[in-house]
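Here the structure comes first, spelled out in structure tokens, and everything after it is commentary.
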Amino acid sequence: MNTKNYIDILRCPHCTREDKGVLAEVKSEWLGCSDCGRQYPIVEGIPVMLPEEGDKWLGVATDDLPKIEEHDRFVSAAS
């Protein structure tokens, strides 16, 4: 995925101040907020920027984030 096209405009939905919530690619197919530590998966090229998604991965070490294929199965099972 090429996040460079839009990474500059994306912000963490949890961080509300204009100068907060800057996101960066922390792992292949994952974005992380440098201010609050929430992490958001990128599914099929689309960042999943729902607040509850960030809450779910808060505090999870970057190395422990699942591969996106695994995450897709978790989402399907929960639906």
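Can you confirm whether the range 44-55 contains a residue that is of a type in the set (V, I, T) and modelled with pLDDT under 95? Checking the range 44-55: at least one residue is of a type in the set (V, I, T) and modelled with pLDDT under 95.
Is one or more of the residues making up the range 18-37 among the charged types (D, E, K, R), in contact with a Cys (Cβ under 7 Å, 6 or more places away or on another chain) and modelled with pLDDT of 90 or more? Yes, because at least one residue in the range 18-37 is among the charged types (D, E, K, R), in contact with a Cys (Cβ under 7 Å, 6 or more places away or on another chain) and modelled with pLDDT of 90 or more.
The values are calculated or read from the model by the stated rules, or taken from the named source; none is laboratory data. Computed from a predicted model, the values in this text were never measured in an experiment. Counting neighbours? That spans all protein chains shown, and the Cβs are built from the backbone with ideal geometry, glycine included.
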